[in-house]
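> Structure below; questions to follow.
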Amino acid sequence: MAYRLIALDLDGTLLTDDRTLPDRNIEAMRAAAHAGALVMIATGRPYRAAAKILEQAGIGGLILSAAGARIDSHPAGETLFEAVLAPDAVAELADLCRQNGWFWFCFAGTDYYYERVCEASRAIERYIGMPGIQLDFSSDHGKAFHKGTVMVDAATIRQAAELLRSRIGDRAEVLISDRDIIDITPKGIVKGVSVLFAARLRGIAPEEVIAVGDTDSDISMIEAAGLGVCMANGSAAAKATADYIAPSNNECGVAHVIETFVLR
């Protein structure tokens with residue numbers, strides 16, 4: 001099978017634990033692109049943060065940002081798909097976070113917004129690599145949001161996710177995307193749905209897609225792809241759905257997958 005689209009999660013997958021992009025991964029991405037494969041960054045991060053990765057690799061491709069709620073071509077910057085959260089779901093999300101003392105932020109366009117400046121907001125700015133914008137979510141702000149993100153203590157994250165599902169699960173998807181992060185996307189919008197949508201736009205069949213991830217939020221694309229890959233450092237649930245387990249993100253597992261299944 002010739003694989004024509006390679007969808008790559010960022011954190012815990014393409015990037016090492018210190019959030020750097022290894023040279024070996026860069027070389028493999030470039031070689032895949034030169035061989036005719038379409039490289040897609042498939043991340044919960046905003047577009048601008050993901051675009052930096054393709055720029056660092058020196059290639060063009062697609063960017064699936066906001067955990068599937070938006071797809072853009074790069075470097076052209078053409079938006080191919082987008083979906084937004086129901087306004088009442090955002091309002092209830094904000095209320096729940098205030099009530100439980102959770103820090104949260106939401107993506108709109110290429111920016112992200114939080115309600116209060118604190119150590120958590122500063123940590124997120126360092127994590128994403130770009131500044132956020134302060135916004136009063138209780139005001140008539142007129143923003144349409146692609147994704148919400150909630151930061152919760154790792155020890156209670158699954159209980160928090162269940163509470164969120166019980167309150168807004170009829171209007172949004174609630175997925176754990178890291179040890180202390182929960183992503184909220186529009187109902188029916190997960191990475192797997194958006195990856196296959198992008199593939200169809202490019203005339204690529206599902207069996208010609210490789211998807212590589214590490215957390216529960218990557219399960220949908222791991223399952224949807226012709227070759228679904230989970231990193232060795234991935235969650236137990238993500239590993240259980242994968243066709244192949246790659247070396248960890250700190251061992252250039254993405255390069256291993258590309259070298260093994262694309263460049264062989």
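> Could you tell me which residue of the range 164-176 is nearest to the chain's Cα centre (by Cα), considering only residues that are assigned to a helix (DSSP H, G or I) and surrounded by fewer than 20 Cβ atoms within 10 Å (Cβ to Cβ)?
Arg165
> Check the range 221-238 and report whether any residue there is of a type outside the set (A, V, I, L, M), part of a helix (DSSP H, G or I) and touching a Leu at 6+ places or on another chain (Cβ under 8 Å).
No, the range 221-238 contains no residue that is of a type outside the set (A, V, I, L, M), part of a helix (DSSP H, G or I) and touching a Leu at 6+ places or on another chain (Cβ under 8 Å).
> Right, next: Condition first: in contact with a Gly (Cβ under 8 Å, 6 or more places away or on another chain), touching a residue at least 40 places away in the same chain (Cβ under 8 Å) and either surrounded by fewer than 24 Cβ atoms within 10 Å (Cβ to Cβ) or within 18 Å of His146 (Cα to Cα) (or both). Now tell me which residues in the range 221-233 satisfy that.
Matches in the range 221-233: Asn233 only.
> Contact list please: Cβ distance under 8 Å, first residue in the range 108-124 and closer than 21 Å to His146 by Cβ and aliphatic (A, V, I, L, M), second residue open to solvent by 40 Å² or more (accessible area, probe 1.4 Å) and assigned to a strand (DSSP E or B), pairs at least six apart or on different chains.
Ala120/Met151; Ile124/Met151
> Could you count how many residues in the range 26-55 are assigned to a helix (DSSP H, G or I) and farther than 20 Å from Tyr127 by Cα?
9
Table: residues versus (1) part of a loop (DSSP other than H, G, I, E, B); (2) open to solvent by 20 Å² or more (accessible area, probe 1.4 Å).
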{"position": "Leu64", "(1), (2)": "no, no"}
{"position": "Leu80", "(1), (2)": "no, yes"}
{"position": "Leu85", "(1), (2)": "yes, no"}
{"position": "Ala89", "(1), (2)": "no, no"}
{"position": "Gln99", "(1), (2)": "no, yes"}
{"position": "Cys106", "(1), (2)": "no, no"}
{"position": "Arg122", "(1), (2)": "no, yes"}
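> For the range 183-204, state whether one or more residues are part of a strand (DSSP E or B), under 30 Å from Asp95 (Cβ atoms) and without any contact (Cβ under 8 Å) to a residue 40 or more places away in the chain.
The answer is no; no qualifying residue exists.
> Can Thr156 be described as open to solvent by 10 Å² or more (accessible area, probe 1.4 Å) and β-branched (Val, Ile, Thr)?
Spelling it out, Thr156 is indeed open to solvent by 10 Å² or more (accessible area, probe 1.4 Å) and β-branched (Val, Ile, Thr).
> Right, here's the next one. Would you be able to tell me the number of residues in the range 177-195 that are surrounded by fewer than 21 Cβ atoms within 10 Å (Cβ to Cβ) and not basic (Lys, Arg)?
The number of residues fulfilling the criteria is 5.
> Also, I was wondering about something else. Criterion first (surrounded by fewer than 24 Cβ atoms within 10 Å (Cβ to Cβ) and modelled with pLDDT under 95) does Ala205 satisfy it?
no
> With the condition kept exactly as written, say whether any residue in the range 168-190 is aliphatic (A, V, I, L, M) and more than 18 Å from Trp102 (Cβ to Cβ). Full working, then the answer.
Initially, the range 168-190 is screened for residues aliphatic (A, V, I, L, M), giving 168, 172, 174-176, 181-182, 184, 189-190.
Subsequent filtering for residues that are more than 18 Å from Trp102 (Cβ to Cβ) retains 189-190.
Looking for residues that are aliphatic (A, V, I, L, M) and more than 18 Å from Trp102 (Cβ to Cβ), one finds at least one in the range 168-190, hence yes.
> Name the one entry in Ala69, Ala49, Ala42, Ala57 that is of a type in the set (A, V, I, L, M) and modelled with pLDDT under 95.
Ala49 is the lone residue from the list that is of a type in the set (A, V, I, L, M) and modelled with pLDDT under 95.
The values are calculated or read from the model by the stated rules, or taken from the named source; none is laboratory data. From a predicted model like this one, the values you see are computed outputs, not experimental measurements. Ideal geometry is used to build each Cβ from the backbone, glycine not excepted, and the neighbour counts take in all protein chains shown. The accessibility values were calculated without ligands, DNA or RNA, using every heavy atom of the protein model including side chains. Shrake-Rupley method; radii C 1.70, N 1.55, O 1.52, S 1.80 Å.
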